[in-house]
Each structure stands twice: as structure tokens, then as C-alpha cells.
2 protein chains.
Amino acid sequence: MNYQKLFAALLLSASVIWSGNVMAADSAKPKPLVIQEQGSFAVGGTVISNPGTFDPIKRTPEGQTLHGDHAYVFYQIPVNARKLPLVFLHGAGQFSKTWETTPDGREGFQNIFLRRGFGVYLIDQPRRGDAGRSTLPSTITATPDDQFWFGMFRVGNWPDFYPGVQFPRDPEALNQYFRQMTPNTGPYDAGVISDAVAALFNKIGPAILVTHSQGGGPGWITAIKSQKVRAVVAYEPGSGFIFPEGEVPSPMPSSAGPLEASSVPLSDFMQLTKIPIVIYYGDNIPDQPSANPSQDNWRVRLAMARLWADAVNRHGGDVTVVHLPEIGIHGNTHFPFSDMNNVQIADLLSKFLKEKGLD
Amino acid sequence: MNYQKLFAALLLSASVIWSGNVMAADSAKPKPLVIQEQGSFAVGGTVISNPGTFDPIKRTPEGQTLHGDHAYVFYQIPVNARKLPLVFLHGAGQFSKTWETTPDGREGFQNIFLRRGFGVYLIDQPRRGDAGRSTLPSTITATPDDQFWFGMFRVGNWPDFYPGVQFPRDPEALNQYFRQMTPNTGPYDAGVISDAVAALFNKIGPAILVTHSQGGGPGWITAIKSQKVRAVVAYEPGSGFIFPEGEVPSPMPSSAGPLEASSVPLSDFMQLTKIPIVIYYGDNIPDQPSANPSQDNWRVRLAMARLWADAVNRHGGDVTVVHLPEIGIHGNTHFPFSDMNNVQIADLLSKFLKEKGLD
């Protein structure tokens, strides 16, 4: 081989290596999702009726009905799906977006768990988002509150991000994050929500309920209302902890106000002892009282969650509370499932489902 | 061939035919959708700011912002997608559901056109559904009006269905249909909507805009604002027809009130002459004045659409108005794309796209 040929061969090798890298970069592009079935429907809800007889010419409200207070559900079932699908219920001020593309454009739990073979049902709860048709009136004030939520969701202390927080610093990510809020279109009602979510379980059969934040409360009630709920995974449940009558802890004072629990009959509560439950909380939750209400409210919520887990377990249940920093996972906000380490968070959930024989 | 062999051969043929039918029935179960990419994002919108400085302890509205008036978009791109995706904009009182699973559980245009190889973008317009975050306040009255919409959407004259109407008679279908309504969460504003939809086109590049009903008006404006709109397909556009200054037709009286068109500068209007446009209307639209306002409003809308098509074409454009009964397709409601014959309606669209070199 002369130098010319050697040089050509080296060029060729370099080219192969280079194109190999390009192909590696290409293969980082996610594989296609293979969806056996997808669609949407309304579930649950009620009908209110005006007295009188409808006149199609005059078209006044007399004799008309309103179908409202349903949940809206978009679902996807992958080919060769696992037996139990995942049903996702968002939290306060949010909708299905919670589980979709993350603010910085990565895949959320919707896609991640489709890829892992689970059917995925994304809920907009009654009187929120695409389930906006409410049987009760409401006023939307359009009061600016982005900075409140930035703190409340533990991204940071506006305008500062918490050091090491698992939230992208790209301004467009924050823009997307703020725009995943949407208002209530009727009064918040955990009974109405849990009725609709229980109706969903009764329609689709056994499944795993995954809740976020405010969705935690209706989530527990759903598991009481429908025995089709085979496990509950609750990310950062806030208010809505329910204890057996006579076992309700005292309100917990915090700089955000007292956190109160409520009671249900013991027979209802016992439903919660029959299924595995896991609760996850992220980082930047103080263990001592804090003057910052956006942190302090999470201190008492985590404490209440621990008392609640003790109560369920005392009655024979199986609740685990995972405070992520305690297992070495740091920087998570109120949205661990869309934080920068959300694949790690998904792995924890996969591990839980495997351990409990639910996958 | 003896009789025995002939009989065996006939049996075999019958069996082949029969199993062919079974396989045809089996193949009626849809094939899996193979999705290269799917996700969601907010696009467009504005930010309003309260004066003052935000205090993370007091958490009052001072110094806070509100990100609102964006559109919310859920998209899916199939493998080996065609060049131009379809962007779907719903009409009054509706959201992305318009294009999803039909009221009786069949596939809507979302799935049908994914199967035909198109990328599909489903919009919730600003101040509606999952794009509920509005920069302006609003009151939701929860006034019963199902029967009004039943007539307005030309399903029938409550409680009667129109004879031969392409709407399922299953009561659950009507339940689902009523529940695909969702209220405005801020004032309706065609400018705000078209800003967000134009921002979507500028983000994703050239695509085909498919509008329904009230979405027609913002649709025309979007095509003026973004040259990325390569065609407009408008199902039953209602109000919002725009003519060049000096060419606006007189208001058209109807028992639902007068239908008025509005004007834009000729230079804006000329944008609409540069792309192919097709407009479809369904059945049960009278050709003579009717005392029934839920029918008569469509009489003047169809008439206005024809005047509008004439105006665009007079200036060198390419608009076709298709009144479905005139081409032998009967019974369609205001929602041809989800009616019982929606595959036939989809075929018309595919044919249009092919003829215009857009597929």
C-alpha cells in the first residue's frame, strides 16, 4: 500500500467512525411507539335539567339539560400491553399535560410508560381543562400568580432556582411550565372528581392509579369507591388525607396555615389497607418550621403523609413513603415525573410495580 | 375431475371465501398505529404583569406574571410521514375532541389521517379546554343548552333526529356528544386565536390547516398571518368571512339574525388567493328562508361561503365549496368528520389533497 492508498484508507476509516457516531446519535432518537389502540371519551358526570319544555324556535333555557362534571380521558394501549394499565390524575391547576412532554421537551410518563408496555389513561378531572363542562357556575379571575406557583411547586424562591434543582434553566422551559396551568371551570369538589375517576376504573377494569398533588385526596377516595384500583402511586399528595373516625391527627400548624386531615368510617378506610400504596416526595422540604410558606406547607404535608402511612399500616395496609433525598435522589421539585431526572423516577416506579407483582 | 373431487374443491373454495370474510372482519380491527414521535406543548400567547415586587413570604399578586392566551397542541407524527402534516382547529364550544374518537366510539380524523401517513396536530385554542389560561377574566354560567346545540349542530329538531341523519341513535353516543362541549375560559377573540395558530405554523413549518365551524374565521386570518399555511380545509365555517375593503356583501337576514361579513385590506386578502381552499357543508340546510333559526343560520352561512369563494376566485384564488348533498352525500350534520360516514368524508379530503399535490 502506497501513501496515497494509506491516506485514502485512513480517510475511509475516519469517515466510518464519524458516520458511526452520527448513527449513534441517530439511535438516541427514540424508537417508534407502536399503539394498538388510542382514543378519548368522557366518563362519569351528571345531568342537570331546567324545568319547562324546549322550544327549538325560541331556544330559551327552558326544558334544556346540561351534561357536566364528567372526566375527559385520552388513552393509548401499546401492542402486547401489560395486564394493568396506569391511570394518571393531575393536581391543582394542572391537566393531563402533567404527564406529557416535559417543559424542556423530553418525554414524560405518558411516553415513558407506553414504551415500558403499559396502557396509559390521562385524565382531565371534572371542571378542569378538556373536562370543563361544569354543572355549577364559576368565575375565572385571571389573577397573575406564576411566581406563587414557582415557589409552591418548589422550583425555587422567585427569582432564584434552588441550588441543584432538577429543573431546566432554559427560559423556554419556564415559559412552557407556566403555560401548563389551566383554571377550574367550576368549584373544586373531591367527591365529584372521585366519582368520575371511579367510573373510569369501573369502565376499564383493574388498573393502577397514579396521582399528583391535590389529586392525592380524590385518589384515596377513588380507591374506596372502586375495588378496580389495584395500587395507588401518589406523587407529593397535599391536602385530602383521610383517617378512620376517632384517629384523625390534630391540625398541623405551618407558616402556610394549619394542615387538617379528615375522617371516614373505618369500613371505608379499610379499603385502603387492601392495596399497595407508595408516596413520593421531592427535595427542598424543610424538616424544621420555616417562615417560607411555600416550603413549610410541604413540611407538614410530608409529616401528615407519614402519620397517614402509619395509620393504614397499623390496620394491616401496605403504604411506603419515599422521601427522595433520603434514598440519595436530590433536587426534585413538586413534579418529580417531569424533572430532569424523570427516567430515574420512572425506574423507581417500575421497581415498585415489579416488587408488588403489578407489572 | 370426478364429483367427489369437484365437491371437495367447492368446499375448499367456500372455505377460502368464508375465511376470507373472517379475515376481513378481523382486519376490521385496526392495525397498530406506528408513531415516530408524539408530545404536547403550548404555543403563542402573551404575558401580563402586575406592578410591584413579588414577595415569596407574603405571596400577594404584586409583582407576579400570568402566562396565558397560548394554544395547547397535542401532536403525533407517524413513521414515514408525508411531507405536510394536518393542523386541526375546532369550533365553538369544542376542543380537540372534535377530531378524536367519535361519539359512538369509532376513529375520528386524528386516527384516520395518522393511518394515512399524515402528522396530526390537534389544537385547543386560546381560552378553551387545555389552553384555559386566559389573560382576561371570565364568568362561566353553566346554563343548560344541550338542546340548543342539538339543533344548531343539525342533529335534528329536539327531541327528533332528522330523518336519515348520519348520527348514531345509541343514547350513549348522545351522552358523549354533549360532553364534548367545554366553555370559554376568557373572551372569544379571533385575533388571539389566529396569533397562536400562526405561531404554531411558524414553529412546525409548512402544513395544512383544517378548521371546523367558528374556527373558520381564525383560520382565514391564520392563513394571512403565516405563509406556512399551504391549504385550508374548512368544515362548515360559520361567521368570520373576510372580504377585501369595498367588496363586503350586505348583511344577510335570517331567522337567527343577520349574518355579517367583515373587511380586510386587499393586500391581506390576496394571501388567501395563493393557496387551495376547500369548504364542506353537510345536509339539512334549507335553500329557502326557514322559521327554524338552527337551520336558517346555516342557509345564510352557506350562501355567504359561496359569495366568499367567488370573491377569492375573482382575485385569482382557488376556493371550492362542496355542499355534500349536491354530490350525493346525504344526512351529514355540522360534524361531517365524526358522522357515521366519516371515512367517506375523509376520502373526499384525501382526494382533494392528492389533486392539489399536497399529499
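Check whether at least one residue in the stretch B:51-67 is closer than 30 Å to B:A231 by Cβ and in contact (Cβ under 8 Å) with a residue 12 or more places away in the chain, and report yes or no.
Step one: of the stretch B:51-67, the residues closer than 30 Å to B:A231 by Cβ are none.
Scanning the stretch B:51-67, I find no residue that is closer than 30 Å to B:A231 by Cβ and in contact (Cβ under 8 Å) with a residue 12 or more places away in the chain, so the answer is no.
Exactly one condition in (1) outside any loop (DSSP other than H, G, I, E, B); (2) at the interface with chain A (Cβ under 8 Å from one of its Cβ atoms) is not met by B:A199; state its number.
Unmet condition: (2).
Given the criterion in contact with a helix residue (DSSP H, G or I) (Cβ under 9 Å, 6 or more places away or on another chain), within 23 Å of A:G240 (Cβ to Cβ), modelled with pLDDT of 95 or more and not charged (D, E, K, R), identify the matching residue among A:V312, A:V300.
Being in contact with a helix residue (DSSP H, G or I) (Cβ under 9 Å, 6 or more places away or on another chain), within 23 Å of A:G240 (Cβ to Cβ), modelled with pLDDT of 95 or more and not charged (D, E, K, R) holds for just one of A:V312, A:V300, which is A:V312.
State which residue is surrounded by the fewest Cβ atoms within 10 Å (Cβ to Cβ) when the search covers only the stretch B:150-166 and only residues that are more than 7 Å from chain A (Cβ to nearest Cβ) and part of a strand (DSSP E or B).
Here is the first cut: in the stretch B:150-166, the residues more than 7 Å from chain A (Cβ to nearest Cβ) are B:150, B:152-156, B:159-166.
From what is left, the residues that are part of a strand (DSSP E or B) are B:156, B:160-161.
Numbers: B:G156: 18, B:D160: 11, B:F161: 17.
Among them, the one singled out is B:D160.
Name the pairs: first residue in the stretch B:243-260 and assigned to a strand (DSSP E or B), second residue of a type in the set (D, E, K, R), Cβ to Cβ under 7 Å, at least 6 apart or on different chains?
B:L259/B:R301
Among the numbered conditions (1) part of a helix (DSSP H, G or I); (2) in contact with a helix residue (DSSP H, G or I) (Cβ under 9 Å, 6 or more places away or on another chain), tell me where A:S239 comes up short.
Every listed condition holds for A:S239 apart from (1).
Give the residues of the stretch B:109-132 that are at positive phi and more than 7 Å from chain A (Cβ to nearest Cβ), sorted by residue number.
Just the residues of the stretch B:109-132 that are at positive phi, to begin with: B:117, B:127, B:129.
Within the stretch B:109-132, B:G117, B:R127 meet the criteria.
Residue under question is A:K225, and the condition is that it be of a type in the set (K, R), touching a residue at least 12 places away in the same chain (Cβ under 8 Å) and farther than 30 Å from A:L136 by Cβ; does it hold?
The answer is no for A:K225.
Can you confirm whether the stretch A:133-149 contains a residue that is more than 7 Å from every other protein chain (Cβ to nearest Cβ), touching a Ser or Thr at 6+ places or on another chain (Cβ under 7 Å) and crowded, with 22+ Cβ neighbours inside 10 Å?
First, pick out the residues of the stretch A:133-149 that are more than 7 Å from every other protein chain (Cβ to nearest Cβ): A:149.
Subset that is touching a Ser or Thr at 6+ places or on another chain (Cβ under 7 Å): none.
Checked the stretch A:133-149: no residue is more than 7 Å from every other protein chain (Cβ to nearest Cβ), touching a Ser or Thr at 6+ places or on another chain (Cβ under 7 Å) and crowded, with 22+ Cβ neighbours inside 10 Å.
Go through the residues of the stretch B:94-101 one by one and say whether even a single one is farther than 26 Å from A:K31 by Cα, hydrophobic (A, V, I, L, M, F, W, C) and either over 17 Å from the mean Cα position of the chain (by Cα) or facing chain A (nearest Cβ under 7 Å) (or both).
Checked against the condition, which is being farther than 26 Å from A:K31 by Cα, hydrophobic (A, V, I, L, M, F, W, C) and either over 17 Å from the mean Cα position of the chain (by Cα) or facing chain A (nearest Cβ under 7 Å) (or both), the stretch B:94-101 yields at least one hit.
Filter the stretch A:192-215 down to the residues that are more than 23 Å from A:A142 (Cβ to Cβ) and among the small types (G, A, S), then identify the one that is surrounded by the fewest Cβ atoms within 10 Å (Cβ to Cβ).
Filtering the stretch A:192-215 down to residues more than 23 Å from A:A142 (Cβ to Cβ) leaves A:192-212, A:215.
Now restrict to residues that are among the small types (G, A, S): A:194, A:196, A:198-199, A:205, A:207, A:215.
On the way: A:S194: 26, A:A196: 28, A:A198: 24, A:A199: 19, A:G205: 11, A:A207: 22, A:G215: 30.
The qualifying residue surrounded by the fewest Cβ atoms within 10 Å (Cβ to Cβ) is A:G205.
So, restricting to strands (runs of 3 or more DSSP E) that lie completely within the stretch A:63-108, which ones have at least 2 residues that are surrounded by fewer than 19 Cβ atoms within 10 Å (Cβ to Cβ)?
Here the list is empty.
I need the full set of residues from the stretch B:224-272 which are under 29 Å from B:R82 (Cβ atoms) and of a type outside the set (A, V, I, L, M, F, W, C), in order please.
Matches in the stretch B:224-272: B:K225, B:S226, B:Q227, B:K228, B:R230, B:Y235, B:E236, B:P237, B:G240, B:Q271.
Starting from the stretch B:300-321, keep only residues that are polar (S, T, N, Q), then list their pairs with residues that are not in a helix (DSSP H, G or I) whose Cβ atoms are within a distance under 6 Å, requiring at least 6 positions of separation or different chains.
Here the result reads B:N313/B:V319; B:T320/B:V278, each pair linking the stretch B:300-321 to a residue that is not in a helix (DSSP H, G or I).
Across the stretch A:285-306, which residue is surrounded by the fewest Cβ atoms within 10 Å (Cβ to Cβ) among those that are out of contact with any strand residue (DSSP E or B) (no Cβ under 8 Å at 6 or more places or on another chain) and within 13 Å of another protein chain (Cβ to nearest Cβ)?
A:A291
Filter the stretch A:63-87 down to residues that are over 21 Å from the mean Cα position of the chain (by Cα) and facing another protein chain (nearest Cβ under 9 Å) and give me whichever is nearest to A:I193 (Cα to Cα).
A:G68
Please count how many residues of the stretch A:297-319 are assigned to a helix (DSSP H, G or I) and under 18 Å from A:G238 (Cβ atoms).
Number of matching residues: 15.
Any residue in the stretch B:184-195 that is of a type in the set (D, E, K, R) and assigned to a loop (DSSP other than H, G, I, E, B)?
Within the stretch B:184-195 (the criterion being of a type in the set (D, E, K, R) and assigned to a loop (DSSP other than H, G, I, E, B)), the answer is yes, since at least one residue qualifies.
Are there any pairs, at least 6 apart or on different chains, whose C-beta atoms fall under 9 Å, with the first in the stretch A:171-191 and more than 7 Å from chain B (Cβ to nearest Cβ) and surrounded by fewer than 21 Cβ atoms within 10 Å (Cβ to Cβ) and the second assigned to a loop (DSSP other than H, G, I, E, B) and of a type in the set (G, A, S), and if so, which?
A:E172/A:G105; A:A173/A:G105; A:P187/A:S134; A:Y188/A:A92
Take A:V120 and decide whether it is more than 24 Å from A:Y72 (Cα to Cα), surrounded by 19 or more Cβ atoms within 10 Å (Cβ to Cβ), in the same structural domain as A:A234 (by TED's automatic domain parsing) and hydrophobic (A, V, I, L, M, F, W, C).
no
Would you be able to tell me the number of residues in the stretch B:31-55 that are facing chain A (nearest Cβ under 7 Å), farther than 21 Å from A:Q180 by Cβ and assigned to a loop (DSSP other than H, G, I, E, B)?
Number of matching residues: 1.
Could you please find all residues in the stretch A:322-352 being without any contact (Cβ under 8 Å) to a residue 24 or more places away in the chain and on the phi > 0 side of the Ramachandran plot?
Hit for the stretch A:322-352 is A:G328, nothing else.
Go over the candidates A:S263, A:S294, A:S290, A:S267 one by one and state the one that is in contact with an Asp or Glu (Cβ under 7 Å, 6 or more places away or on another chain), modelled with pLDDT of 95 or more and outside any strand (DSSP E or B). Working first, answer last.
On the way: A:S263 fails: outside any strand (DSSP E or B); A:S294 fails: in contact with an Asp or Glu (Cβ under 7 Å, 6 or more places away or on another chain); A:S267 fails: in contact with an Asp or Glu (Cβ under 7 Å, 6 or more places away or on another chain).
Step by step, each of A:S263, A:S294, A:S290, A:S267 is checked, and only A:S290 is in contact with an Asp or Glu (Cβ under 7 Å, 6 or more places away or on another chain), modelled with pLDDT of 95 or more and outside any strand (DSSP E or B).
For A:G117, are the conditions met, namely being touching a helix residue (DSSP H, G or I) at 6+ places or on another chain (Cβ under 9 Å), farther than 30 Å from A:S49 by Cβ and among the small types (G, A, S)?
On the way: touching a helix residue (DSSP H, G or I) at 6+ places or on another chain (Cβ under 9 Å): no; farther than 30 Å from A:S49 by Cβ: yes; among the small types (G, A, S): yes.
When the stated conditions are applied, A:G117 does not pass them.
The values are calculated or read from the model by the stated rules, or taken from the named source; none is laboratory data. What you see is a predicted model, and the numbers here were worked out from it, not measured in a lab. Neighbour counts run over all protein chains shown; Cβ positions are idealised from the backbone, glycine included.
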